[in-house]
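Participant: Below is a structure I'd like to ask you about.
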Number of protein chains: 2
Amino acid sequence: MSDILKGLRLVEASAFVAAPLGGMTLAQMGAEVIRIDALNGGLDARRWPVAGTGESLFWSGLNKGKKSVALDIASPEGRELAERIICAGGDDAGLLLTNFPPRGWLDYDRLKARRGDLIQLTIQGDRHGGSAVDYTVNPAMGLPFLTGPDAANSPVNHVLPAWDLITGQMAAVGLLAGERQRRRSGQGQHVKLALEDVALAVMGHLGFIAEAELGSRREPAGNHLFGAYGRDFVCADGARIMVVGLTGKQWSALVQATGIADRLPATEARLRLDLTQEGDRFKGRHAIDELIAPWAAGLTLSEAAVALDAAGACWGLYRSVDDMVRSHPNCATSNPMFARVAHPGLGEVLTPGIPLDFVGRDRLPPAPPPRLGQHTEEILLGVAGISSGEFAKLHDRGLVLTG
Amino acid sequence: MSDILKGLRLVEASAFVAAPLGGMTLAQMGAEVIRIDALNGGLDARRWPVAGTGESLFWSGLNKGKKSVALDIASPEGRELAERIICAGGDDAGLLLTNFPPRGWLDYDRLKARRGDLIQLTIQGDRHGGSAVDYTVNPAMGLPFLTGPDAANSPVNHVLPAWDLITGQMAAVGLLAGERQRRRSGQGQHVKLALEDVALAVMGHLGFIAEAELGSRREPAGNHLFGAYGRDFVCADGARIMVVGLTGKQWSALVQATGIADRLPATEARLRLDLTQEGDRFKGRHAIDELIAPWAAGLTLSEAAVALDAAGACWGLYRSVDDMVRSHPNCATSNPMFARVAHPGLGEVLTPGIPLDFVGRDRLPPAPPPRLGQHTEEILLGVAGISSGEFAKLHDRGLVLTG
């Protein structure tokens, strides 16, 4: 079984995408991840998309396989219970992930006084701890002005919260790296991770910052792949395909599939380009478009697919989300990453586990999300060391919720 | 110093974004990451953006802090040297990251026969090992049909290779999780990670799959944030801002900043909505737009900023990449994540280290990328156990390149 993080315990105080995804990544490899929420749920408890019942599909998707503890966090007693869970003993415990301000019951120094080797990873909007979300960070990166057909005049926001998703994975990286260090040195630490820094770093890594510093101004390229050849085309039956000639091999395959080889020399001569060079393919993209478009327009999708596959070309089909869910061959239980899992309040949903495939080990089947407070009693008794009698009193006083 | 992975050794046989980013993530935390390339460089050696000199800003951005070994991989002797580097001894070594087909010198079983506890992480296009890149995976996820103002009719490709970036971080997660397991059990493993599976899993995690399965069809929402309130507005001086009212607190702050509180009751009554509910804010987004647009249009950016900040609203400014590099307060060396670093062939460039801030430890300064083959001799002598005499012969025969 690929529960390779079995035994590791992480406590999560979180909402939305990045922190819950970071925790779920560890949970989907077998770690025990305890999400602590207020009695009425987290800030993301009702985040859209929602089912007809109001159940959040967003929450249920990002908290799979976790244990849920619901406490009256506003009360000193609730906060004390939370701190006990966070600081409970065990070599494999003492990990905290949050995207809330590291104050009060989430204050690292306070928690450290209780468990000296605590590893806390705090996700924040910007490096000063200011408020920022994916939707406010992304505009400042310049990408909306490079996206879409009329990009320069009307910026286009991304629909995928990409910065959140990258940050969530990086949070898991930081926790595992910190835990590795703790095993060697015995030392815990506070690790901060700013969403805005993640975005700025990526803009550096991909060369956008250097490009601007060197005085080159990138023009919007619509649906063209930047720097080589790639674009979308419409087939005779209205299907839309994306074709890519990034590497030399991909370009050769695309030329072969589309049968444009004999027309390339004239194009190269006219434009003074060498289309075996990826940069020249980008410079000559519009001329290449004109060669490929009639080929695509003359074929149905299945005819185009046969030609592209026969040549070994790299291409993809545009689908709606509905079409993906209905027809994508790998969006189905035949893909061992997926299983049909009953989610509380939703019924059975096609549910992904972790994409990491530990070959030769059985996949850890995707688990459903918890009901809010489902594990409050289990964790307070088993981790925080509360007696049954004490728990009953807390419950009677409305300080804890059992799901 | 935050070189918390110091001592860990990873060998990388890679190109483009995901695998190089995964390796660089470990390198930027202090691991020794050895990238092995062919004598003429990798498939990404000339990837755009490029400097006027032809130097790839993309390559230099994604390979910072690595060691470069250049070998004649086409020859049996070159492959033998590569295998020796991959399988060299040491508790903290024996990690391999690749996005090439795991065949030949990258065949896990073959390498395992040489080093039994090898951990190999292989990134592939789809789960069958088929060819796919970010640009062909993304269209099948349905997101291009939800992006941009006329989304449903003209799909919009993303400019940020988001799936690659998420996959790269997840590769680092898989390697660290595998190394943790090996330390406990002594066992290595082959971990496969398909780019397409990463994308499909995220579509599940964010609720897109469940939404479609439950029969709800999401309409494109242009630049509106889905499921709550958020949109871009143009100020009197042409500056464009993104404002967000996702949480209740953010919404209250936005209402206060824009002074629309007294007009909300009439809007709510007319539309039969309760705008304190995030979903109702999405349903009533166009009516909210009409209230906020004149406010934005009547103020300069600095006036709007004063009002938004005074209310504690969550907002962001749209910038071009040039503007980000020139004026973003955190895209500068005043942000300790950045330093000005001399890159081979490029001169000094504003260069990011890792966004993970290990509080109380000095940041590991961002290192430049290597020159191709810069560490060939060091690694062949120090890791592969070649003698100086043998190395001289390999060099004379053109089987190795020293950068």
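Participant: Roughly what angle does helix A:18-27 make with the longest principal axis of chain A, taking Cα atoms, 0 to 90 degrees, to the nearest 10?
Facilitator: 80 degrees
Participant: Beyond a 31 Å Cα-Cα separation, which of these cross-linked pairs lie in this structure: A:LYS67/B:LYS192; A:LYS6/B:LYS67; A:LYS112/B:LYS6; B:LYS67/B:LYS192; A:LYS249/B:LYS66; A:LYS192/B:LYS112?
Facilitator: Flagged as over cut-off: A:LYS6/B:LYS67; A:LYS192/B:LYS112.
Participant: Distance in nm between label sites at B:ARG103 and B:SER216, each 7 Å beyond Cα in the beta-carbon direction?
Facilitator: According to this spin-label approximation, the distance is 4.6 nm.
Participant: If you plug each phi of the range B:118-126 into the Karplus form 6.51 cos²θ - 1.76 cosθ + 1.60 with θ = phi - 60°, what whole-Hz ³J(HN,Hα) values come out, in order, with x for Gly and Pro?
Facilitator: 4, 10, 10, 10, 10, 8, 10, x, 10
Participant: If you bin the C-alpha pair distances of chain B every 20 Å from 0, what whole percents do you get?
Facilitator: Binned Cα distances yield the sequence 22, 47, 25, 5, 0.
Participant: Still on this structure, I have one more. Between 0 and 90 degrees, rounded to the nearest ten: what's the tilt of helix B:248-258 against the longest Cα principal axis of chain B?
Facilitator: Relative to chain B, helix B:248-258 is tipped by roughly 60 degrees.
Participant: I've got another one for you. Given axes a ≥ b ≥ c from the Cα gyration tensor, I'd like to know whether the protein assembly as shown is rounded (a/c under 1.5), prolate (a/b larger than b/c) or oblate.
Facilitator: Oblate is the answer for the protein assembly as shown, as a/c is 1.5 or above yet b/c matches or exceeds a/b.
Participant: Within 10 Å of each Cβ of A:219-232, how many other protein chain Cβ atoms are there on average?
Facilitator: 4
Participant: Stick to the Cα atoms of the range A:240-317, pair each with every other, and give me the Kirkwood hydrodynamic radius in Å at one decimal.
Facilitator: In the range A:240-317 this quantity evaluates to 12.6 Å.
Participant: To the nearest 0.05, what FRET efficiency results for B:ASP91 and B:ASP289 with a Förster distance of 51 Å applied to their C-beta separation?
Facilitator: The computed FRET efficiency comes out at 0.30.
Participant: Spelling out what I want: for every residue of the range A:384-399, take phi, set θ = phi - 60°, compute 6.51 cos²θ - 1.76 cosθ + 1.60 (Karplus), and round to whole Hz; glycine and proline get x.
Facilitator: Once rounded to whole Hz, the list reads 7, x, 7, 7, 4, x, 4, 4, 4, 5, 4, 5, 4, 7, x, 8.
Participant: Write down the percent of antiparallel bridges among all DSSP beta bridges whose residues are both part of chain A, to the nearest 5.
Facilitator: If we restrict to bridges inside chain A, about 45 percent are antiparallel.
Participant: Using a basic spin-label model with each label point 7 Å from the Cα along Cα→Cβ, how many nm lie between B:ARG361 and A:ASP309?
Facilitator: Each label point is offset 7 Å from its Cα along the Cβ direction, giving 4.9 nm.
Participant: Under the 0.36 nm per residue contour assumption, what length would be gained going from the current alpha-carbon distance of B:ASP3 and B:GLN277 to full extension?
Facilitator: 94.1 nm
Participant: Calculate, in nm to one decimal, what B:HIS128 and B:ARG340 gain on full extension: separation in residues at 0.36 nm each, minus their alpha carbon distance.
Facilitator: 72.1 nm
Participant: Taking Cα centroids, how far is the range B:55-109 from the range A:36-113 in Å?
Facilitator: 42 Å
Participant: Shifting gears a bit: Would you please give the residues with an amide H less than 5 Å from that of A:HIS343, counting only those at least 5 places away or on a separate chain, with H modeled from the backbone geometry?
Facilitator: A:GLU348, A:VAL349
Participant: Can you run phi through the Karplus equation (6.51, -1.76, 1.60; θ = phi - 60°) for the range A:366-381 and list ³J(HN,Hα) in whole Hz, with x for Gly and Pro?
Facilitator: x, 9, x, x, x, 6, 4, x, 4, 10, 4, 5, 4, 6, 5, 6
Participant: Given the DSSP H assignment, sum -39500 (n - 2.57) over each helix run of at least 4 residues in chain A and divide by its residue total; what's the result at 222 nm in deg cm²/dmol, nearest 500?
Facilitator: After summing the helix terms and dividing by the residues of chain A, the value is -11000 deg cm²/dmol.
Participant: Moving to a separate point now. Which value, in Å to one decimal place, does the Kirkwood hydrodynamic radius take for the range B:266-361 when every pair of different Cα atoms is included?
Facilitator: In the range B:266-361 this quantity evaluates to 17.6 Å.
Participant: Per residue, how many Å² of accessible area does the protein assembly as shown show with a 1.4 Å probe?
Facilitator: Value for the protein assembly as shown: 35 Å² per residue.
Participant: Roughly how many nanometres apart are two label points built 7 Å out from the Cα toward the Cβ at A:SER388 and A:ALA261?
Facilitator: Result: 7.9 nm between the two label points.
Participant: Next up: With chain B treated as a Gaussian network of Cα nodes joined by springs under 10 Å, which of B:ALA31, B:ALA70, B:ALA392 yields the largest mean-square fluctuation?
Facilitator: Evaluated over chain B, the most mobile residue of the options is B:ALA392.
Participant: If you take all C-alpha pairs in the range A:115-231, what percent of them are over 23 Å apart?
Facilitator: When all Cα pairs of the range A:115-231 are counted, 44 percent exceed 23 Å.
Participant: Ok, one more. On a 0 to 90° scale, report how tilted helix A:285-297 is relative to the longest principal axis of chain A, with both axes built from alpha carbons and the result rounded to the nearest 10.
Facilitator: 90 degrees
Participant: Using +1 at the Cβ of each Lys and Arg and -1 at the Cβ of each Asp and Glu in the range A:240-317, identify which of A:THR267, A:LEU299, A:CYS314 lies farthest towards the dipole's positive end.
Facilitator: Among A:THR267, A:LEU299, A:CYS314, the one farthest towards the positive end of the dipole of the range A:240-317 is A:THR267.
Participant: Which of B:LEU95, B:LEU381, B:LEU121 ends up with the largest GNM mean-square fluctuation for chain B, with Cα atoms connected below 10 Å?
Facilitator: It is B:LEU381.
Participant: Quantify how strongly other chains surround peptide B:271-278 by giving the mean number of their Cβ atoms within 10 Å of each of its Cβ atoms.
Facilitator: 1
Participant: Give a quick list of trypsin sites (Lys or Arg not before Pro) in the range B:235-325 that DSSP marks as loop, anything other than H, G, I, E or B, with at most 15 other Cβ atoms within 10 Å.
Facilitator: B:ARG272
The values are calculated or read from the model by the stated rules, or taken from the named source; none is laboratory data. Quick caveat: nothing in here was measured; it's all calculated off a predicted structure. No Cβ is skipped: glycine too gets one built from the backbone with ideal geometry, and neighbour counts run over all protein chains shown. Each accessible area value is taken on the protein alone, full model and side chains, heavy atoms only, with ligands, DNA and RNA left out. Shrake-Rupley method; radii C 1.70, N 1.55, O 1.52, S 1.80 Å.
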